[in-house]
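Below is one structure, written out as structure tokens; the observations come after it.
The values are calculated or read from the model by the stated rules, or taken from the named source; none is laboratory data. Computed from a predicted model, the values in this text were never measured in an experiment. Cβ placement follows ideal geometry from the backbone for every residue including glycine, while neighbour counts extend to all protein chains displayed. Only protein heavy atoms, including side chains, enter the accessible area calculation; ligands, DNA and RNA are left aside. Shrake-Rupley method; radii C 1.70, N 1.55, O 1.52, S 1.80 Å.
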Amino acid sequence: MAVGMHAVASGQLGVCFEHGDVASTLERVPARPVEIQALSEERSLAAAGILQERGMQTRPMGRYGRMLQCKEARSDEVKLSDRPNTGDIPQHPLRRLLFQFMPILQVIQTLDRHMLRLDIIAGVTVGIMAIPQSMSYASIAGLPYEYGLYSACVPPLVYAFLGQSRQLAVGPVAMVSLLVEAGLANVLTEEECPESFMNGALIEGVHQSELCRGEYAKLAIMTAALVGVLQIAARVLRLQFLVSFLGHPVTSGFTSAAAIIIGFSQLKYILGYKLAKSEYFVVTLGNLFANIGDTNYVTLVLGVAWVVFFILCKRLARRGGKFAMVGPLAPLVGCIIGSLLILACAPLRERFGVSYVGDIPSGPFPVSIHHWDFHYLPRLLPTALSACLIGYMESIAIGKNLAAKHDYEIDAGQELFSLGLANLVGAAFSCYPVTGSFSRSAVSNATGAKTQLAGLTTAIVMLCTMLFLTPLFYYMPNFVLAAIVISSVMPLVAYEEAIKLWRIKKQDFILWVTAFMGTLLFGVLFGIAIAVALSLIIVISESVRPQITILWRIPGTAIYRPIKQENNGTFVPNVFIARIGSSMYFANASFIKDVLMAYVADLEEVNRTEYVVLEMTPVVSVDSTAVHVLQDVVNAFRTRGVHIAFAMVGNRVEKTIRKAKLDEFIGEQWFFPTVNEAVLFCLRHQQAKREAGVDPDAKADASCPEVPLKPVRPGDEIGFSNDLHHACTAIFVNLVTDAPEVAFRIMAVLGKHLLTVRRAHIEAMDEDHAVGVAVTSAVAPVGAKHTYFVRSTRHPGK
């Protein structure tokens, strides 16, 4: 779920769990035997059917292909709809569908007076906070203040009925507002906005949002409609997973840069002089210093004072308790004090030129569906795509964080649909694009919101504000609204995240800086393009160059581990073992082939390879290109006298291999359920070749000499591993010939080195227990395998 925004959501909303001393509690529980029980066959089959159906839902293309292949559904197939009814959701299909798409219906059934009171308090608080915020964000988008009020009323109303998050506050946000302003700036043609053109050319430094407000507002409204359509279409096509491709470093870098651009765009109201709008930080910075002499010092002092006031209120609110409401109410208090100051002190308006809001139209949101003009669509598509992507990322990150805090789940697809419909319906009533708000959602959660009725209450508060309270905003100072925006976006500048990425992984830090600088230097739209491109490059790079892990054997065992994970392993002579780290498809198949060939070539002098064992556990699928490459790999190795064995091949991969008849080409005898069995077969095959006098350098083929089931027994070996047990070091001792009292001698050596044996296991190794063979004989034990789990007495742990 939008991973990239999760850190920001966690920072503003708080962590989603409480730490408990679980480990110490478990340690106090007395050790008792635990019986492994089996679920009944009927319930096991039902659970398997439900999980398979859920798996098909996560793969829509596979699900549709399955539907086309099956002419009629199996009567015994268990579907998600066949789950036992809990009593909350009705059994009738139409009512169940209605409850699914309108989660508020389920919530109403559990609503009580206490929950209703908390929802009303939270909704009113968020509504009070949303009044000045929505006006400020409308200014960022280049729209008149009233459009912010409209957008804080209609979409929350729609989301309250369709959304699953019970604390999410939907409405105008700074990031989407900036995207709208950056994308719609100077989009109107000369016929649509003649005031912005001279001699057929656009006048430099002029903004159409100021000269042609009506036409510009139509663009913003149409953008909201397009965002809604895109989000609904993405839900229908199940494309909500696409936001997962945006990596956290690039998203954090983009968000931080966009927050700085938003903050600097509001400095003109703090400094008291006109500053040309620009999405380019460098241009804004240049204009800022070019006109620094025009600073209105009265406005500057007041603006800085209000910024400091809001910051201090937020810090005070973090203490909780009786100070919890200080932060949410600070914007309203700041607006009231600022308005009274401008109203009471006429010299501030007339002599010192402190700007204020002025007239805001009263009345409900006007219907705007008749203003939809579809010939704008090609010009609006880039802006709509950006707002759709960033808006959904913000909303799903906040929603999932809040859901985790309150122990309920939300469906990413339903959230996408509800946001889309909120934008689409909002566009019919003069709203511009909206999404979930970090700050208002945090306030909703902090004030105790329990259901979606809190959002419904917020919408009612906004409607009452538009009907009765807009005349009170006449003397509201612009520097107050600017201070609200600046204090709101400051937490989004994640410089601490950059420092953390530098410590964790330098590559991610470079990605963060690239997205950050790209957005600052080239604008937010280009910054989004950089963020998406970088994320796709990361995904493609990781997919095209999968990890090829080299495995070796832990001495004294049949366990094969990565060489980077176990430093006490040994290679099997003439056998190279590797694990392919991802599915194989057209983009990475050739890379896998080249890496395997290079590894074998590098080992020519040290450990000449006669057999290659490929562990295929991570390979969940192969395409036709990968099948051809596998055939080429087998051919290439066979020409060098090297056989390939495949271990732990999954069902899907096995089906594809059989359909391509690759198993006939390779030979079914070269497929094994475990790596150890593959290695044992290779050793027997090698011995059979040598006994048959086959030249090791001769070209290999699928056929092979008859491989007898000879015992393969390890020699005298000692090995250990720290990864096989969570608290102990495992020590393995293989003895070809066991000796009396050898276990006591081993334990004495361990005790001499201050190691305590927590558990020991000794297994006799006779001809019946030789590795890889089972023969009936009555031979006295000739060897033994000792396994000891030990801990150090000098320090806790292994």
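Structural remarks
- The residues on offer are 216, 150, 159, and the sole one that is of a type in the set (Ser, Thr, Tyr), in contact (Cβ under 8 Å) with a residue 60 or more places away in the chain, part of a helix (DSSP H, G or I) and closer than 24 Å to residue 486 by Cα is 150.
- Residues (without any contact (Cβ under 8 Å) to a residue 60 or more places away in the chain and either open to solvent by less than 50 Å² (accessible area, probe 1.4 Å) or within 14 Å of residue 555 (Cα to Cα) (or both)) located in region 731-742: 731, 735, 736, 739, 742
- Of the residues making up region 343-355, not a single one is part of a helix (DSSP H, G or I), free of Cβ contacts under 8 Å to residues at least 40 places away in the same chain and on the phi > 0 side of the Ramachandran plot.
- Some residue of region 217-230 being touching a Cys at 6+ places or on another chain (Cβ under 8 Å) and either open to solvent by 40 Å² or more (accessible area, probe 1.4 Å) or among the hydroxyl-bearing types (Ser, Thr, Tyr) (or both): yes
- Condition met for residue 560 (touching a helix residue (DSSP H, G or I) at 6+ places or on another chain (Cβ under 8 Å), within 30 Å of residue 673 (Cβ to Cβ) and hydroxyl-bearing (Ser, Thr, Tyr)): yes
- Selection count, region 661-682, where residues are open to solvent by 50 Å² or more (accessible area, probe 1.4 Å) and hydrophobic (A, V, I, L, M, F, W, C): 2
- Meets criteria (part of a helix (DSSP H, G or I), open to solvent by 50 Å² or more (accessible area, probe 1.4 Å) and more than 30 Å from residue 208 (Cα to Cα)) for residue 301: yes
- Screening residue 149 on (1) open to solvent by 10 Å² or more (accessible area, probe 1.4 Å); (2) in contact with a Ser or Thr (Cβ under 7 Å, 6 or more places away or on another chain) shows it passes everything except condition (1).
- One residue from 111, 68 being among the aliphatic types (A, V, I, L, M) and either open to solvent by 80 Å² or more (accessible area, probe 1.4 Å) or at pLDDT below 55 (or both): 68
- When each of 483, 459 is tested for being open to solvent by less than 30 Å² (accessible area, probe 1.4 Å) and out of contact with any Cys (no Cβ under 9 Å at 6 or more places or on another chain), the lone residue that passes is 483.
- Residue list for region 108-142, restricted to those being in a helix (DSSP H, G or I) and among the small types (Gly, Ala, Ser): 122, 123, 127, 130, 134, 136, 138, 139
- Output for region 699-727, where each listed residue is more than 27 Å from residue 559 (Cβ to Cβ) and either at pLDDT 70 or above or open to solvent by 40 Å² or more (accessible area, probe 1.4 Å) (or both): 699, 701, 703, 705, 706
Each row is one residue, and each column tells you yes or no for (1) in a helix (DSSP H, G or I); (2) among the small types (Gly, Ala, Ser); (3) in contact (Cβ under 8 Å) with a residue 12 or more places away in the chain; (4) out of contact with any Phe, Trp or Tyr (no Cβ under 7 Å at 6 or more places or on another chain).
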{"residue": "496", "(1), (2), (3), (4)": "yes, no, no, yes"}
{"residue": "511", "(1), (2), (3), (4)": "yes, no, yes, yes"}
{"residue": "514", "(1), (2), (3), (4)": "yes, no, yes, yes"}
{"residue": "528", "(1), (2), (3), (4)": "yes, no, yes, no"}
{"residue": "549", "(1), (2), (3), (4)": "no, no, yes, yes"}
{"residue": "552", "(1), (2), (3), (4)": "no, no, yes, no"}
{"residue": "576", "(1), (2), (3), (4)": "no, no, yes, no"}
{"residue": "595", "(1), (2), (3), (4)": "yes, no, yes, yes"}
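- Residue among 221, 140, 203, 128 that is without any contact (Cβ under 8 Å) to a residue 12 or more places away in the chain and not basic (Lys, Arg): 203
- Checked against the criterion of being open to solvent by less than 10 Å² (accessible area, probe 1.4 Å), out of contact with any Leu (no Cβ under 6 Å at 6 or more places or on another chain) and farther than 13 Å from residue 675 by Cβ, the candidates 622, 633 yield just one match: 633.
- Count of region 318-341 residues which are open to solvent by 50 Å² or more (accessible area, probe 1.4 Å), touching a residue at least 24 places away in the same chain (Cβ under 8 Å) and not hydrophobic (A, V, I, L, M, F, W, C): 0
- Any chance residue 270 is hydrophobic (A, V, I, L, M, F, W, C), open to solvent by less than 40 Å² (accessible area, probe 1.4 Å) and either within 19 Å of residue 493 (Cα to Cα) or outside any helix (DSSP H, G or I) (or both): no
- Residue within region 493-509 that is modelled with pLDDT of 85 or more, of a type in the set (Ser, Thr, Tyr) and surrounded by fewer than 14 Cβ atoms within 10 Å (Cβ to Cβ) present: yes
- Residue list for region 510-524, filter: farther than 20 Å from residue 279 by Cα and either open to solvent by less than 60 Å² (accessible area, probe 1.4 Å) or touching a helix residue (DSSP H, G or I) at 6+ places or on another chain (Cβ under 6 Å) (or both): 511
- Taken over region 621-646, the criterion of being among the aliphatic types (A, V, I, L, M) and under 20 Å from residue 560 (Cβ atoms) is satisfied by 642, 644, 645.
Per-residue answers, yes or no, for (1) in contact (Cβ under 8 Å) with a residue 40 or more places away in the chain; (2) within 19 Å of residue 589 (Cβ to Cβ); (3) within 33 Å of the chain's Cα centre (by Cα):
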position	(1), (2), (3)
628	no, yes, no
636	yes, yes, no
646	no, yes, no
649	no, yes, yes
654	no, yes, yes
658	no, yes, no
661	no, yes, no
665	no, yes, no
668	no, no, no
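- Hits in region 273-298 - residues which are among the hydroxyl-bearing types (Ser, Thr, Tyr), more than 21 Å from residue 354 (Cβ to Cβ) and part of a helix (DSSP H, G or I): 284
- The selection criterion, being at pLDDT 80 or above and part of a strand (DSSP E or B), holds for residue 759.
- Condition met for residue 617 (over 15 Å from residue 643 (Cα atoms), open to solvent by 10 Å² or more (accessible area, probe 1.4 Å), part of a loop (DSSP other than H, G, I, E, B) and out of contact with any Asp or Glu (no Cβ under 7 Å at 6 or more places or on another chain)): yes
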